[in-house]
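A.B. asks: Quick one: this structure, given as C-alpha cells, is what I'll be asking you about.
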Amino acid sequence: MMDNDLFQKLFVRYMAGEKVTSLAKEAGIPWQRLWGLLNDRKQNQPKDESQPKDEDRQQKTGNAIVRDSDGIDRITFDSIGQSVVDAMADYAQNEGNRKLIAQSLDRHTTGRDSWANRYTRKKLLDAVQNPPKHLMDAVDEMRQSLMDEANPPVASRRRIRRNQEWGDELEAEKVLTRSFTPWDRMTREAQPRRSVTIGVNLTVHCRQRAEDLLWRGAAAAALADILTQRGVNVEIVAFWTIGKMSSMSRMVVSRYVIKRADMPLDLGSVAVALAEIAYARLVALYGLARHVPGKLDESMGVCETLPAQDRSGIDYLAESNITNRTAAENWLKTSASRQEGEVLHV
C-alpha cells in the first residue's frame, strides 16, 4: 500500500497539472491504478476553480468517457489490443468501483465459469495474439455457410463507347457517311473504391450463451468478405451499450475499432472481437466499467440497443437481436442485396 505522505504529495502535484503517467512511474505503480486513487480523492475534495477541469484530466490520461449533448456517455478504443490491456488493468474512477470490478473479474476468470466461456486472464490475453483455432474454424465455417446462402451474383459495370476509330461493332451509317470513327467499343471503367462501415452491437445479457454471439460475428465477417470482393473498402467497428450502469450515467456506449478501411480482413481478430462472448463480457463490459463515473450498479446496468446518434455513421448494423442462423442469414441477405442495388445504380 502506498505511503500516505507520498500519496498526498502526488495528489498535490497532480492537482497542479503534472501528468499522471509520470507520477505513476515515479511511485512504481500502474498509472491506471494511481489515476483511480487520485480521482477518488479529488471527488471528495471541495470544489475549487483552480483545480484542473475534467476535459484537461481526460487529455492527460488517454481514453476517457465524454458526455455528449444527448446526455449519453461515450468512449472509443482504437484497437482490440488496447481495449484488452485496459480492461485487465487494476483501476477505476473510484476505489469502490475498483474493488467491485476486481472481485467480479476474480470470480469470472477462474477458467471454470461458463458466463465467461471458461476464460482466464492469461487465456484472454493469449487469444488476442493467437486466436483459438476452434473459434476461427467455427466462425469461418459459419461465414462460408452464410455466404453460400445469401451472396447474390456480382454485377460488373460496362460502358458502350461510340464514335471510335476501332472497336467491336461497325456502324453502317457511319461508313456510308465516310466517318473516320465508325466503331462502337465495349469498355470496362475502373471506379473509385468506396468505403463503408459495418457496425456490430456486442451487447449480450447475462443469460445468453457463447453460441449466440457466434452467428452475429460470422455474419459481419461474411458481409465484409462480400463487400471487399466488390471493390469496397470496409471498416468494422463494435459497440457495447448499457443503460443505468452507474449512479452518474444514464446510458453509456463504448466503441471498438476492429478493422480500419485500409486494412486487410484479419479473420482471427474479427473472430475474437465479434464472436467470442468472453471478449464481450470481460473486455467490453468490465473495461467500460473502469471508465464510468459514479457508483457502479451491482448488476452493471441493463442492456440497450444502439442509440440513433451512433447508428448514423453505420452503413450496416448487426444488432443484438442476431443470435441464430436464421437471423444472421436474413440480415446478410438484406445487407448484401442493398449494396448490390447501389452498385447497379452507380
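The values are calculated or read from the model by the stated rules, or taken from the named source; none is laboratory data. Since this is a predicted model, take the numbers as computed values, not measurements. Cβ placement follows ideal geometry from the backbone for every residue including glycine, while neighbour counts extend to all protein chains displayed. Quick note on the areas: whole protein, heavy atoms, side chains included, nothing else; ligands and nucleic acids left out. Shrake-Rupley method; radii C 1.70, N 1.55, O 1.52, S 1.80 Å.
A.B. asks: On the given criteria, is THR228 over 25 Å from LEU100 (Cα atoms), open to solvent by 10 Å² or more (accessible area, probe 1.4 Å), touching an Asp or Glu at 6+ places or on another chain (Cβ under 9 Å) and of a type outside the set (A, V, I, L, M)?
C.D. replies: Numbers: over 25 Å from LEU100 (Cα atoms): yes; open to solvent by 10 Å² or more (accessible area, probe 1.4 Å): yes; touching an Asp or Glu at 6+ places or on another chain (Cβ under 9 Å): no; of a type outside the set (A, V, I, L, M): yes.
Considered against the rule, which asks whether it is over 25 Å from LEU100 (Cα atoms), open to solvent by 10 Å² or more (accessible area, probe 1.4 Å), touching an Asp or Glu at 6+ places or on another chain (Cβ under 9 Å) and of a type outside the set (A, V, I, L, M), THR228 comes out as no.
A.B. asks: Then there's this: Could you check the range 81-96 and list, in sequence order, the residues that are open to solvent by 50 Å² or more (accessible area, probe 1.4 Å) and of a type in the set (Asp, Glu)?
C.D. replies: Matches in the range 81-96: ASP90 only.
A.B. asks: On to the next question. Restricting to the range 287-299, give me the number of residues that are open to solvent by 10 Å² or more (accessible area, probe 1.4 Å) and in contact with a helix residue (DSSP H, G or I) (Cβ under 7 Å, 6 or more places away or on another chain).
C.D. replies: 1
A.B. asks: Mind checking which residues of the range 113-153 are touching an Asp or Glu at 6+ places or on another chain (Cβ under 8 Å), charged (D, E, K, R) and either open to solvent by 80 Å² or more (accessible area, probe 1.4 Å) or under 25 Å from CYS206 (Cα atoms) (or both)?
C.D. replies: GLU149
A.B. asks: Does the range 204-223 hold any residues that are touching a strand residue (DSSP E or B) at 6+ places or on another chain (Cβ under 9 Å) and crowded, with 24+ Cβ neighbours inside 10 Å, and which are they?
C.D. replies: ARG216, GLY217, ALA219, ALA220, ALA221, LEU223
A.B. asks: Go through the range 19-30 residue by residue and tally those that are within 29 Å of the chain's Cα centre (by Cα) and over 13 Å from PHE7 (Cα atoms).
C.D. replies: 3
A.B. asks: I've got another one for you. So, restricting to strands (runs of 3 or more DSSP E) that lie completely within the range 231-345, which ones have at least 3 residues that are touching an Asp or Glu at 6+ places or on another chain (Cβ under 8 Å)? Please lay out each step first, then the result.
C.D. replies: Numbers: elements: 232-246, 249-259, 316-318.
It comes to 232-246, 249-259.
A.B. asks: If you scan the range 77-95, which residues turn out to be among the aromatic types (Phe, Trp, Tyr) and part of a helix (DSSP H, G or I)?
C.D. replies: The answer is none; no residue qualifies.
A.B. asks: Given the residues SER247, SER312, which is the only one that is open to solvent by 60 Å² or more (accessible area, probe 1.4 Å) and without any contact (Cβ under 8 Å) to a residue 24 or more places away in the chain?
C.D. replies: One residue alone meets the criteria, SER312.
A.B. asks: Now, a different point. Out of all the residues in the range 97-112, which are open to solvent by 40 Å² or more (accessible area, probe 1.4 Å) and touching a residue at least 12 places away in the same chain (Cβ under 8 Å)?
C.D. replies: Of everything in the range 97-112, just one residue is open to solvent by 40 Å² or more (accessible area, probe 1.4 Å) and touching a residue at least 12 places away in the same chain (Cβ under 8 Å), namely LEU100.
A.B. asks: Now for a different question. Look at ARG74 and say whether it is under 30 Å from ARG260 (Cα atoms) and either at pLDDT 80 or above or part of a helix (DSSP H, G or I) (or both). Don't jump to the end; show me each part of the working.
C.D. replies: Values: under 30 Å from ARG260 (Cα atoms): yes; either at pLDDT 80 or above or part of a helix (DSSP H, G or I) (or both): yes.
Judged against the criteria, ARG74 is a match.
A.B. asks: Separate question: If we keep just the residues of the range 263-274 that are in contact (Cβ under 8 Å) with a residue 60 or more places away in the chain and over 16 Å from LYS123 (Cβ atoms), which is surrounded by the most Cβ atoms within 10 Å (Cβ to Cβ)?
C.D. replies: Step by step, filter the range 263-274, then rank; the result is LEU274.
A.B. asks: What tally of residues in the range 13-35 results from selecting those that are surrounded by fewer than 14 Cβ atoms within 10 Å (Cβ to Cβ) and at pLDDT below 75?
C.D. replies: 2
A.B. asks: Let me ask you something else. Which condition breaks for GLU304 when tested against (1) surrounded by fewer than 23 Cβ atoms within 10 Å (Cβ to Cβ); (2) under 19 Å from ASP106 (Cα atoms); (3) of a type outside the set (Gly, Ala, Ser)?
C.D. replies: Failed condition: (2).
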